[in-house]
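Presented below is the structure to which this report refers.
Derivation of every value follows stated rules applied to the coordinates shown; laboratory data play no part. Just so we're clear, the structure is a prediction, and the values are computed from it rather than from any experiment. Heads up, the Cβs are rebuilt from the backbone with ideal geometry, glycines too, and the neighbour counts pull from every protein chain shown.
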Amino acid sequence: MDVTSFGINHDVLLRGIYVSRKDIINDGILTTFDIRMKEPNREPVMDTSVMHTLEHLMAVYFRSNNEWADKTIYIGPMGCRTGMYAIFKGDLEPHNIIEKMKECYQYIINFKGEIPATKSYMCGNYLDHNLVITQIECKKFYDEILMNIKEENMVYPKQQY
Ligand SMILES: [Zn+2]
């Protein structure tokens, strides 16, 4: 089984935006990014309601963006609740998405009103959302990492076997 992210040493992972894998599909490339908002096993993970609200708002942001809608394949939560996966068309690196991701986090931080697609017929667990804490988590990640992102927040350390 080749799951690229299992080969990364999670004991030393920092927060950031990382390429987790690239897949060749027909004649194109899909790039999977880890949007790592928590240091694995070293700080508390996000609440499931926060993961869920992040999923809704991040997906809406990218799927309604003129430039990125067609490139956006998938946005979803990591099962470990330390961050999000984002899969885009193209052979991409973190610097290709960092400005767009910063805009996305600003959109979430400033979002007001009803979270999109939170009617019972649109969502599998429509009451399980938390906008306030999602915005706190996003602002923390934005201020502490995205605003002044460094090399170590964009290149994963490899596992030593
Ligand atoms: Zn939902």
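Here residue 99 passes the criteria (1) in contact (Cβ under 8 Å) with a residue 12 or more places away in the chain; (2) within 24 Å of residue 15 (Cβ to Cβ); (3) among the charged types (D, E, K, R); (4) assigned to a helix (DSSP H, G or I) except the one numbered (1). Residues in segment 37-77 that are in a loop (DSSP other than H, G, I, E, B) and within 16 Å of the ligand (Cβ to nearest atom) were compared, and the one that is nearest to residue 156 (Cα to Cα) is 46. Filtering segment 68-96 to residues that are acidic (Asp, Glu) and touching a residue at least 40 places away in the same chain (Cβ under 8 Å) leaves 91, 93.
All told, residue 140 falls short of being under 14 Å from residue 35 (Cα atoms), in contact with a Phe, Trp or Tyr (Cβ under 7 Å, 6 or more places away or on another chain) and either more than 16 Å from the ligand (Cβ to nearest atom) or not in a loop (DSSP other than H, G, I, E, B) (or both).
Go through segment 102-118 and give me each residue that's touching a residue at least 40 places away in the same chain (Cβ under 8 Å), in a helix (DSSP H, G or I) and either among the β-branched types (Val, Ile, Thr) or within 16 Å of the ligand (Cβ to nearest atom) (or both). Scanning segment 102-118 gives a single hit, 108. Put simply, of 121, 85 the only residue that is within 16 Å of the ligand (Cβ to nearest atom), of a type in the set (Phe, Trp, Tyr) and either assigned to a loop (DSSP other than H, G, I, E, B) or more than 30 Å from residue 26 (Cα to Cα) (or both) is 121.
Within segment 48-61, residues that are more than 14 Å from residue 129 (Cα to Cα) sit with their Cβ atoms under 8 Å from residues that are aliphatic (A, V, I, L, M) and more than 10 Å from the ligand (Cβ to nearest atom), at 6+ positions apart or across chains, in these pairs: 59/75; 61/108.
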